[in-house]
Structures are given as C-alpha cells and as structure tokens.
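Structure record follows, encoded as structure tokens.
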Amino acid sequence: MICTGCSCLCDDIVVDGGVRNACRRGAGIFRFVNEGRAKPMINGEVVDFEKAMDAAGDIIGNSEKLAVYGLDTTTVEAQQKAIELAKTKEAYIDDNSSFCLGDFVELILKEELPTTTLDEVRNNAYVVFYWGTDVYHSLSRHMSRFTYYPRGGKRQRGYEEDRFLVVVDVRRSHTAKLAKKNARFIEVGDDLELIDAILKVLDGKAPEKFAKDAVRIVKEMQKADFNVIIGGLGLKYGLKGDYQQFLEFVRRVNEVTNLYFIPAGCHPNMRGFNQLLFEKTGHVNRYSFRDEEAGEKFAFPKLLEDGEIDAALIVGTDPVNSLPFDIAKKLKDIKTILIDPRQSLTAEIADVVLPSAISGLETGGTMIRIDGVKVELAPFLEKKPDDVSIISSLLEAV
Amino acid sequence: MPITPMEVYKLLPKTNCRKCGEPTCMSFAFKVINREKNIEECTPLFEDDRYSRQRDELLKLLEPLKEATETGLIVTEDLCVGCANCIVVCPVHAAEDPYGSAAGSGPKIEDPIFRLEDGVLKVINMTKCRRYGKNRILCVACRENCPSDAIRFLEG
Amino acid sequence: MGLKFAKFIRKIETEVVVARDSFQVEAADRGKLSEEFVKKSAVLYITEEFGKKNALREGEIVKVTRGGRSVNLRVVYNDTAPSEGAMMPNSIYANYLTDFDSFKRFRVTIEIADGNVTTPSEIIELIKSG
Ligand code: SF4
Ligand code: SF4
Ligand code: SF4
Ligand code: SF4
C-alpha cells in the first residue's frame with residue numbers, strides 16, 4: 001500500500017492487523033483512520049451531507065470572487081476537477097506551495113534548476129545536502145529510503161564510505177545529529193553566507209566564514225559526478241527571496257561537478273498540483289483565471305488580506321492552524337466551504353464542512369511524488385464521497 | 001546509561017563464597033550483565049539481612065535488564081519516529097536482505113532483527129544481531145544512527 | 001548565585017524558530033482539539049543550558065509575546081532547540097505570533113506566567129469574534 005502521510009509516498013506499507021514499515025506519522029494515519037473525522041456541518045451545526053452539499057453549491061453559485069485553495073493532500077484527479085471549477089467560475093486558485101516550496105518547483109519545471117529523482121539519488125548520489133529541513137521529523141523515512149543510508153546502483157558500500165552528508169540548519173536538529181563520520185553539520189545564521197563561501201572557494205579565493213567547511217564540501221563534491229541538495233523551508237526563507245544567487249551557486253558548482261536539487265516539501269501531492277497547473281497555465285500556483293495570470297497578489301493569503309474574495313473553497317488544508325493569525329482571522333469575513341476528511345480547526349469556523357474520504361486509504365487515484373515520479377494509490381477501504389465526487393458535483397451545480 | 005560490572009560488583013557481598021557457581025563476585029557481576037546469570041543466584045544476598053539495603057539498590061540498578069533484549073538492546077518506543085535508519089544501516093540486514101532493507105525498503109525477509117510496526121521499531125529476531133551469542137562483536141551501527149536515542153545498549 | 005540573579009530578569013527577549021515535530025504531527029492527525037495536540041503544540045522548546053541561564057525551568061508556564069499578541073506555553077527542554085533561543089512546533093500557536101515577513105523565525109519576549117497553556121479554542125474564539 002501507499003502511505004500518503006508525506007511527499008515520500010512510501011510504497012511498501014503492509015496492513016494486516018497492524019501497520020508494517022510505515023513511520024510513526026504514516027502508521028498513525030492508518031491506525032487512527034476513524035479518529036477525529038469531520039462531519040457535514042452548516043454554521044457549526046451537524047446536518048445531512050446532502051444539505052451541506054446544497055449549501056456549498058449556493059455559496060459557490062452566489063460567489064463573484066471565489067478562491068479555490070489547498071489541494072496538496074488530494075489526488076491529481078481531484079486537483080483536475082478543482083482547476084476546472086476555478087476556470088468555470090473565473091476564480092483564483094492556489095495551494096500551500098505559494099508560501100512553501102512552490103518557487104523551487106517552478107524553477108524545476110522551467111528547467112532553471114537541475115533536478116533528478118529520488119531513485120537516481122539512491123543509486124548514484126555521493127554528497128547529500130539536507131538544507132534547511134529536519135527530515136527526521138518531516139519526512140521521516142527520506143534518509144533511509146532514498147538518500148544517505150540505502151545501498152543501490154553505484155553506491156553499494158553503505159553510508160560510511162559511499163555517501164557524504166551535509167546538513168545545513170540554524171539549529172542542531174535530529175537530522176543534524178546524524179552528521180558524524182564522513183559528514184558535516186553547518187550551523188548557519190545566514191544561509192547566504194554559506195553560499196557566498198562556496199562561491200569564493202570555486203573562485204579560488206579564501207572565504208572569511210565557513211572556510212574549512214566550504215573547501216571540504218567542494219572537494220567532496222568533485223569526487224563524484226552526482227550530488228544532490230534536498231532543500232526545505234529553512235533554505236527558502238534563508239535565501240530571503242534571492243533565488244538568483246542560489247541559481248548562480250548551483251550553476252557554478254555544475255561547472256566542476258554535477259549537483260541536482262529536490263525540494264523537501266511535506267505535502268504528499270503538492271508537486272501534483274504545481275505540475276498540473278503548470279501544464280494548463282504555465283504557472284505553478286497563485287493563478288487568477290479571471291486575469292489569466294499568476295502573481296503574488298493572487299496568493300490565497302494575500303487575497304484574504306486584501307479583501308479581494310467573497311468565498312473560498314478549501315480542500316484538505318487547515319488555514320486556521322497554518323496561516324498567520326492576522327490573515328486567518330479574515331476567513332470570518334468571507335464564506336468558507338471546507339472539504340476535508342478530518343475535523344480541523346478551520347472546520348470550527350467554516351460556513352460549510354463537507355467530509356470526504358482519505359486519499360490513498362479510502363479512495364484511489366494518482367499522486368506525484370516530490371521528485372516528479374507518478375504514484376498510483378492503492379486504497380484498502382472504499383469510501384464515498386471522495387474529493388473527486390464532491391468537487392465534480394459542485395462543478396455540475398454551477 | 002550502560003550498567004558496568006563494577007557498579008554491580010560494588011553492591012554484591014564481595015565474599016567470593018562461590019555459592020553462585022562463579023569463582024569470584026566480580027566474574028558473577030560480569031555474567032549478570034551479560035544475562036548468563038540471574039542475580040537471584042547469589043543466595044547470600046537474598047538470605048542475609050545484612051545485605052538488604054545493597055540488594056534493593058542492586059535490583060533497582062538492574063531494572064533495565066528486564067526490558068532489554070538478549071543482546072542488551074533497549075528500544076524506547078516513545079522516542080522513536082520510525083525513520084528506519086537503524087533497520088537500513090544494520091550490517092546483518094544489508095547482507096541478508098539485499099532487496100529489502102539494504103536498499104531502503106521495509107524488510108523483505110521473514111525474520112529481520114527488527115522492523116517498523118505501528119510506526120515504531122519492534123524487535124523481531126534478536127538472535128541474528130552481531131552482539132548475540134558466544135562470538136558476538138560490539139556492533140553499534142543501529143544505535144549510532146538513531147538521532148533521538150530511542151536505541152540504547154546496556155553495555156558499550 | 002546564578003539563580004538568584006536571574007530572578008531579577010523579568011523578560012527575556014529571544015528568537016523562536018518554527019520546526020516540524022513528528023510526534024506533534026501524529027497528534028494533529030488524530031484531532032487538533034485533542035489534549036494530545038495541545039500537549040505537543042503549546043510548548044516552547046529550549047535547551048537545558050538556555051533554560052538554566054535564563055531561569056526557565058522545565059514544565060513552567062511562560063507567556064510568549066510578539067507584537068502585542070501572547071500565548072501561554074509550557075517550557076520543555078530539548079537538545080535540538082537552537083543554542084540561543086527557542087523552538088516551537090508549527091501550529092496555531094506559532095502562527096498566532098507570526099506573520100509572513102518572519103514566518104518561521106521571529107523575535108519574542110518570554111516571561112513567567114501563572115495558570116495553564118492557551119487552548120486552540122481560545123484563539124479560534126478570537127477569530128470568530130473578528
Ligand atoms: S515517510 Fe512519509 S510516506 Fe513514508 S511512511 Fe512516513 S509519512 Fe508515510
Ligand atoms: S554467591 Fe554472591 S557473594 Fe558468593 S561469590 Fe557469588 S556473587 Fe559473591
Ligand atoms: S547492533 Fe549491529 S547487528 Fe545488532 S541490530 Fe544493531 S546494527 Fe544490527
Ligand atoms: S529506533 Fe531510532 S533509528 Fe530506529 S526507527 Fe526509531 S527513531 Fe529511527
């Protein structure tokens with residue numbers, strides 16, 4: 001079975017009485033499948049599902065400035081329907097990637113940032129960077145399945161000889177603690193300083209900061225023809241929007257060896273959404289079908305902040321938990337419909353709640369792993385309605 | 001954390017009376033830690049009231065032995081996130097399960113040393129561990145690659 | 001000596017980083033109004049050294065404030081926290097304090113507080129009341 005707990009989409013899960021091979025987070029999704037489930041609601045009152053559907057249809061029907069938001073934990077099929085709905089309504093559409101790793105995915109899809117697959121990493125990678133991400137907690141099996149620990153292809157001798165680990169973070173995270181033999185942990189205050197140091201080494205100059213580490217890292221990277229950066233939110237915010245500097249860094253390293261990039265996004269199908277929207281519009285997120293363009297001002301949090309929307313269809317995400325308070329509280333100014341398998345904090349304030357099946361466990365479909373590899377889900381239960389059927393009915397209603 | 005033979009020895013009667021079948025209290029202490037002897041086999045400790053305080057202290061000291069497996073490996077499930085680093089890194093798995101745990105997947109052999117069950121590390125067959133039995137060697141690969149100290153060994 | 005001196009320090013100003021925590025995410029999946037979620041989210045992780053230096057004891061309730069907004073959190077020692085500063089799991093608590101300009105790293109003041117940790121419902125009430 002496939003675990004949809006995170007963007008690793010582990011494909012070796014066995015469910016028979018217990019849950020085998022999944023990490024803590026992943027196993028929890030299977031074990032507690034019936035806990036904390038959402039109920040159909042209108043204004044906080046539990047109602048029939050049909051009634052809630054009608055209310056949702058009304059909100060969408062009456063909305064003049066609708067936003068469709070979330071979608072990172074659902075299937076490509078549901079994302080497709082959501083994009084259709086947004087198009088029909090000339091609505092805005094956005095996912096969490098606009099404040100997560102969407103920029104990196106866009107650079108990858110536009111082929112400005114060289115990338116690879118996690119299977120290639122397992123078979124070939126020598127230097128593995130975890131930059132601004134504590135995968136031990138966020139993508140628990142990432143290191144053991146794909147990067148540092150497994151043996152594969154050209155890397156048969158195990159991590160102590162065949163890999164070199166570099167962890168970059170502002171704190172000594174659990175992932176950083178694993179940087180022991182043949183490894184480096186670099187505690188940064190400012191990520192750009194490390195990039196600068198490595199660029200200096202490539203120029204044959206001596207950097208002021210991180211001099212020893214930068215020299216060593218460049219030397220290690222040149223030992224192999226395959227190195228990879230797994231970059232997370234820490235890197236994104238560390239760059240302070242200066243992607244050019246980062247692209248330049250990757251380009252320069254690629255003059256002397258090969259360096260690829262894979263984002264460390266957490267949501268299981270963020271890449272799916274980004275890719276799908278990119279195919280249809282040339283943009284990965286924050287798109288306005290009315291204006292037929294993408295931009296910062298169409299990011300869901302920004303639309304909320306600016307009071308640009310009158311209703312939102314929120315799918316499988318919990319903005320009350322995950323957006324800054326000043327923005328989240330604006331959800332109360334508009335009509336909100338929430339489609340989610342679980343009772344979230346947003347459900348507490350939503351006008352309409354539509355419970356759905358859990359993708360991967362109760363309903364099938366496709367997801368795209370963070371490295372672009374397509375994964376077919378293999379549900380072990382059958383439950384309706386799911387995101388696809390709910391969004392399809394809403395689409396029919398308009 | 002590891003319990004040393006010295007700590008055990010200090011709390012024994014130290015009379016070398018041999019009632020336990022060992023020539024000295026020190027060698028008995030070693031065997032207790034390796035789980036080749038039970039502390040109860042030192043009968044004077046339990047029969048003579050003079051040792052009652054030492055006995056209580058010793059039993060407390062040896063408490064973790066009970067939860068430990070045959071090789072002295074203890075898993076604290078509450079600290080484990082199920083990253084599987086320990087499973088993949090284990091040299092025995094690497095040799096016996098080349099297409100499963102050696103390559104990063106869940107174990108494909110029936111009796112791995114351990115695997116993830118319900119999200120945490122469960123010991124399945126400790127007898128395969130290199131620390132087990134007469135010809136044991138002091139492997140620490142699994143513990144070394146558990147960043148949250150969910151794996152401990154009683155010794156070394 | 002150190003402790004006595006620290007008593008006079010009323011407010012500590014420091015930086016918080018927002019991080020992922022597998023145990024907290026597991027609890028979130030089971031329900032964000034659950035006790036377990038609150039227990040694992042309404043926490044301020046600091047290293048023991050940082051705690052000793054600033055007289056913040058494990059288990060203590062602290063009021064963490066940024067830009068006029070505060071939440072009450074429980075202090076928990078954790079050796080993966082930044083050496084100078086604190087760490088919070090990503091949740092409604094961290095997001096109550098943050099904004100997009102300093103989304104995952106922000107400066108706060110910490111002071112000892114009475115009572116219990118803030119609940120998610122208290123923050124949701126603030127949203128509802130507008
Ligand atoms: S690493 Fe991610 S996909 Fe794999 S078992 Fe854990 S939560 Fe599931
Ligand atoms: S029985 Fe007890 S006191 Fe006697 S030799 Fe053995 S350990 Fe020492
Ligand atoms: S001690 Fe070595 S052989 Fe034994 S389980 Fe751990 S890694 Fe495997
Ligand atoms: S015991 Fe440690 S290394 Fe093994 S799965 Fe658990 S957390 Fe990972």
For A:Cys3, which of the numbered conditions (1) more than 30 Å from B:Glu77 (Cβ to Cβ); (2) at pLDDT 95 or above; (3) of a type outside the set (Gly, Ala, Ser) fails to hold?
(1)
Among A:Glu77, A:Glu64, which is the only one that is in a loop (DSSP other than H, G, I, E, B) and acidic (Asp, Glu)?
A:Glu64
Name the residue that is farthest from ligand 3 (Cβ to nearest atom), counting only residues in the stretch A:138-153 that are without any contact (Cβ under 8 Å) to a residue 60 or more places away in the chain and either out of contact with any helix residue (DSSP H, G or I) (no Cβ under 9 Å at 6 or more places or on another chain) or over 19 Å from A:Phe261 (Cβ atoms) (or both).
A:Gly153
Examine the stretch B:112-133 for a residue that is away from ligand 1 (no atom under 16 Å from the Cβ), under 16 Å from the mean Cα position of the chain (by Cα), free of Cβ contacts under 8 Å to residues at least 12 places away in the same chain and surrounded by fewer than 22 Cβ atoms within 10 Å (Cβ to Cβ), and state whether such a residue exists.
yes
Test B:Ile137 against the stated conditions and say whether it is more than 9 Å from chain A (Cβ to nearest Cβ), free of Cβ contacts under 8 Å to residues at least 24 places away in the same chain, surrounded by fewer than 21 Cβ atoms within 10 Å (Cβ to Cβ) and within 16 Å of ligand 4 (Cβ to nearest atom).
no
Counted residues in the stretch B:70-91 being within 16 Å of ligand 1 (Cβ to nearest atom) and either at the interface with chain A (Cβ under 8 Å from one of its Cβ atoms) or without any contact (Cβ under 8 Å) to a residue 60 or more places away in the chain (or both) come to 8
Can you spot a residue in the stretch A:19-27 that is part of a strand (DSSP E or B) and within 16 Å of ligand 1 (Cβ to nearest atom)?
yes
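Residue-by-condition table, conditions (1) within 14 Å of chain B (Cβ to nearest Cβ); (2) under 21 Å from A:Ile334 (Cα atoms):
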site	(1), (2)
A:Gly18	yes, no
A:Gly36	no, no
A:Pro40	no, yes
A:Ile59	no, yes
Residue selected from the stretch A:131-172 under the condition in a strand (DSSP E or B) and closer than 30 Å to C:Ala28 by Cα, by the criterion farthest from ligand 1 (Cβ to nearest atom)
A:Val168
Evaluate the following for A:Asp48: is it within 14 Å of ligand 1 (Cβ to nearest atom), of a type outside the set (Val, Ile, Thr) and either within 23 Å of the chain's Cα centre (by Cα) or farther than 23 Å from B:Gly100 by Cβ (or both)?
no
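What is the residue count in the stretch A:334-349 for residues that are in contact with a helix residue (DSSP H, G or I) (Cβ under 8 Å, 6 or more places away or on another chain) and under 16 Å from A:Ile391 (Cβ atoms)?
5
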Matching residues in the stretch A:202-222 - criterion: being of a type in the set (A, V, I, L, M) and either part of a loop (DSSP other than H, G, I, E, B) or modelled with pLDDT under 90 (or both)
A:Ala206
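The values are calculated or read from the model by the stated rules, or taken from the named source; none is laboratory data. Nothing here was measured: the structure is a model prediction, and the numbers come from that model. Reconstructed Cβ throughout: ideal geometry from the backbone, glycine too, with neighbour counts over all protein chains shown.
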